[in-house]
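Each remark here refers to the structure printed beneath this line.
The values are calculated or read from the model by the stated rules, or taken from the named source; none is laboratory data. Keep in mind the model is a prediction, meaning the values are calculated, not measured. Every residue, glycine among them, receives a Cβ derived from its backbone with ideal geometry; neighbour counts consider all protein chains shown.
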Amino acid sequence: MSVEFCGLDLAHPIVNGSGTFDAIAAATTFGEDLLKDFPFSAYVSKTITLAPRIGNRAPRLWEAPAGLINSIGLPNKGVEHYLKEDLPLLGALSTCHGSEQRGSLWPVPLITNVMGSTAAELCALLDACDPHPQIAAFELNVSCPNVQTGLDIGADPAQLREVLSEVRSHTSKPLIVKLTPNTADVPSCALAAEEGGADAVSLINTLRAMALAPGARHAAPAARWLGGGTGGLSGPAIRHVALAQVAAVADRVTIPIVGMGGVQSADHASALLAVGASLVAVGTESFRDPLVGATIARSL
Amino acid sequence: MTLAPFARRKLTVTVNETLGAYRILRVADPQGPKPQAGQFAMLAAVTGWGGGEQQRPYLPRALSIARHSSGESHFMLEDVGPGTHTLCQMAPGEELWALGPLGRPFTPPPPGGRALLVGGGVGTAPLAILQDQLQEEGAVPHLALLGFRDLQHTHGASLLRDARVASDDGSAGHHGLVTDLLREELDSEDERSAVVYACGPPAMLESVRALCSERSTPAQLALEAPMACGFGACFGCAVAKRGGGYLRVCVDGPVVDAHELEFVGDHAGPPTGRPGA
């Protein structure tokens, strides 16, 4: 079930959600063969920032009803380390899945996810990454507060359009905007991304969520459990929110959509494809079953 | 380090037996690779994982492999939350998903070295397979010191051979902490070649770390942290390392050299709601 997405030729429509599968760590756990028979048809890197980030203090996880709240804080070693150390490995992934049509391995294109708190930071990230041929496309994480307004860049259509129009000229590679669900009007944000020059949108990111420390309701103010104060909810709990938002966005934009949110099976993936997604990303379910992406792709 | 097959596998429970306050779950794993001491697996019951008022557990649970023999893996469990409760209830013939063996194992002592195994509570588990491994590898001399809170829990000591026991309430063995026993051993003359292997609650591990650091005794600590995946994907099991930043318990550990940490803190917290219990 090969698909074309923004000019990329993919073995199947199942990719990973950014930050839910670390190919390098997985190769040390399961062996290097994993990189040759990768479970996803394209690999979306975790979020890369200009400067290294150590991430949030522990605790970072809370198990919710049918889901997970995470407050990881986008730890990464910065763009310089990413390009020097990670790119040689991540730029050479392949998958056997679908190879019978071609008689050889399918390459697994690398989609690099980047985040900056200003347009200038995003431009600098694209400038650093764009010359590297191993990077096939970019995903912009716009769930980052604007340093002036405090509002997430991706939560405001006007701001998003403005940032996109500035960064667009810094790469000719496909640009995917990862939309935030934590805003009043997601379809308007998607339209703004399209008008700003995005080649595709991906959604949904995690829903902002919070957990109190056990026993905290008796204290004032109640102690928040997660080191970051709040976190993002993912997993089956958000599946139908994702379905509604993908359907609403598909009604407003003409660019392709990467749909995600609580996908555990081929049925769930098919539902997102049916309402207008071109690709489906699997995230939290990979934590429970690292091979689930390949299993879903086979059953579509 | 033993690599894990890149897929969770469905295994059948063969034995679920009581060991004082603990359960020992044995599962048939004839095709699985032989784990190394200190490695762990992510377990989830095939049915009944989820449901109930809280719809939990949802994520698999990380458990040390306590023993591996005759194609069976043994796990030591204490019922402290919805995940461990469900696993504790499993009957022979029921199936669970297992992913593993995962993580960095213990490194045996150098030739001529003596291993001091120090465990607290359910932290006894990885020391049992370590003792087996030391025995297999040409009878490496070792001593096991185990601490428990009360009489019911001290039954866990029978997982190892010839362990010296401490109990918080004095109901068995030394009345006090297992680290009292460790201090005595480290201060005795013949412990210059000792390598310490420890697993237990954070306060115990911190005490082990400090005792060994003061005496320049090498120590390997098996850490625990709530984790969602077990293979480096979620970045949830972060533990602060010496010099700043974090290490991931699942792929940088669970066994770490004590020098890598400045302090062993309580990252797990109480079991309610965390993906470890």
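Structure notes:
- Residues being facing chain B (nearest Cβ under 7 Å) and touching a helix residue (DSSP H, G or I) at 6+ places or on another chain (Cβ under 9 Å) - total across the stretch A:60-92: 5
- A:Leu273 satisfies every condition listed in (1) hydrophobic (A, V, I, L, M, F, W, C); (2) touching a helix residue (DSSP H, G or I) at 6+ places or on another chain (Cβ under 8 Å); (3) at pLDDT 95 or above except (2).
- Looking at the stretch A:146-218, the strands (runs of 3 or more DSSP E) lying wholly inside it that each contain 1 or more residues that are within 14 Å of chain B (Cβ to nearest Cβ), under 30 Å from A:Pro59 (Cβ atoms) and touching a residue at least 12 places away in the same chain (Cβ under 8 Å) sit at A:207-209.
- Which numbered condition B:Ser213 misses (of (1) within 23 Å of B:Gly253 (Cα to Cα); (2) small (Gly, Ala, Ser); (3) surrounded by 15 or more Cβ atoms within 10 Å (Cβ to Cβ)): (3)
- The set of residues in the stretch B:1-48 being among the charged types (D, E, K, R), within 12 Å of chain A (Cβ to nearest Cβ) and surrounded by 22 or more Cβ atoms within 10 Å (Cβ to Cβ) consists of B:Arg8 alone.
- First in the stretch A:1-25 and surrounded by 23 or more Cβ atoms within 10 Å (Cβ to Cβ), second anywhere and modelled with pLDDT under 95 and hydroxyl-bearing (Ser, Thr, Tyr), Cβ under 7 Å, 6 or more apart: A:Leu10/A:Ser2; A:Ala11/A:Ser2; A:Ala11/A:Thr95; A:His12/A:Ser2
- Among the residues listed as B:Gly265, B:Gly170, B:Gly243, B:Gly230, the single one being small (Gly, Ala, Ser), modelled with pLDDT of 95 or more and surrounded by fewer than 16 Cβ atoms within 10 Å (Cβ to Cβ): B:Gly170
- Criterion: more than 16 Å from the chain's Cα centre (by Cα), on the phi < 0 side of the Ramachandran plot, crowded, with 22+ Cβ neighbours inside 10 Å and modelled with pLDDT of 95 or more - qualifying residue of B:Ala125, B:Ala98, B:Ala91, B:Ala144: B:Ala98
- B:Glu95 being more than 14 Å from chain A (Cβ to nearest Cβ), more than 22 Å from B:Lys34 (Cβ to Cβ), touching a strand residue (DSSP E or B) at 6+ places or on another chain (Cβ under 8 Å) and touching a residue at least 12 places away in the same chain (Cβ under 8 Å): no
- Test: B:Gly156 is away from every other protein chain (no Cβ under 14 Å) and of a type outside the set (A, V, I, L, M): yes
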